[in-house]
Amino acid sequence: TLPSLLLWGKYDFVVPPSLGKEMLEELGTPAADKSLIIFDRSGHGFQGAEMDKAVDEIVNFVERYK
């Protein structure tokens, strides 16, 4: 039921994006307070490939729910 931000790499073969989509659906959080962000150029370690986008998404989420 808590606000949730899921960050996933499109090319994550360790924990595929399909599991992120499933997790998003299973969360008891209201739809307006949960999101799944897919990083289009990243695998399991999206931070290196798209660090700026990751930081922006995290900062926006924290600012919204602080």
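When the solvent-accessible area of the chain is split by element, carbon and sulfur atoms take up 58 percent of it, the probe being 1.4 Å.
Using a probe of 1.4 Å, the accessible surface attributed to Thr1 totals some 130 Å² when neighbouring protein chains are kept in position. Each residue of the stretch 21-34 is assigned a 3J(HN,Hα), and the resulting list reads 5, 5, 4, 4, 5, 7, 5, x, 6, x, 3, 5, 10, 9 Hz, derived from the Karplus form 6.51 cos²θ - 1.76 cosθ + 1.60 (θ = phi - 60°), x at Gly and Pro. The amide H of His44, built 1.01 Å from its N in the peptide plane, has Phe13, Val14 as neighbours under 5 Å, considering only residues 5 or more places off or on other chains. The amide H of Leu6, built 1.01 Å from its N in the peptide plane, has Ser35, Leu36, Ile37 as neighbours under 5 Å, considering only residues 5 or more places off or on other chains.
Could you tell me whether the chain comes out rounded, prolate or oblate from its Cα gyration tensor? Rule is a ≥ b ≥ c as square roots of the eigenvalues, rounded for a/c under 1.5, then prolate if a/b exceeds b/c, otherwise oblate. Oblate. Helical runs assigned H by DSSP (4 residues or longer) give the chain a calculated mean residue ellipticity at 222 nm of -12500 deg cm²/dmol, each run adding -39500 (n - 2.57) before division by the residue total. With protein chains left intact and a 1.4 Å probe, residues in the chain average 68 Å² of accessible area per residue.
Working from Cα pairs under 8 Å separated by at least six residues, relative contact order for the chain is 40 percent. Using heavy atoms of the protein chains and a probe of 1.4 Å, the accessible area assigned to Asp40 is about 90 Å².
Each residue of the stretch 2-7 was assigned a 3J(HN,Hα) from its phi angle through the Karplus curve 6.51 cos²θ - 1.76 cosθ + 1.60 (θ = phi - 60°); the sequence is 7, x, 9, 10, 10, 10 Hz, with glycine and proline shown as x.
The values are calculated or read from the model by the stated rules, or taken from the named source; none is laboratory data. Being a predicted model, the structure only gives us computed values, none of them experimental. Just so you know, the surface numbers come from the protein's heavy atoms only, side chains and all, with ligands and any DNA or RNA stripped out. Shrake-Rupley method; radii C 1.70, N 1.55, O 1.52, S 1.80 Å.
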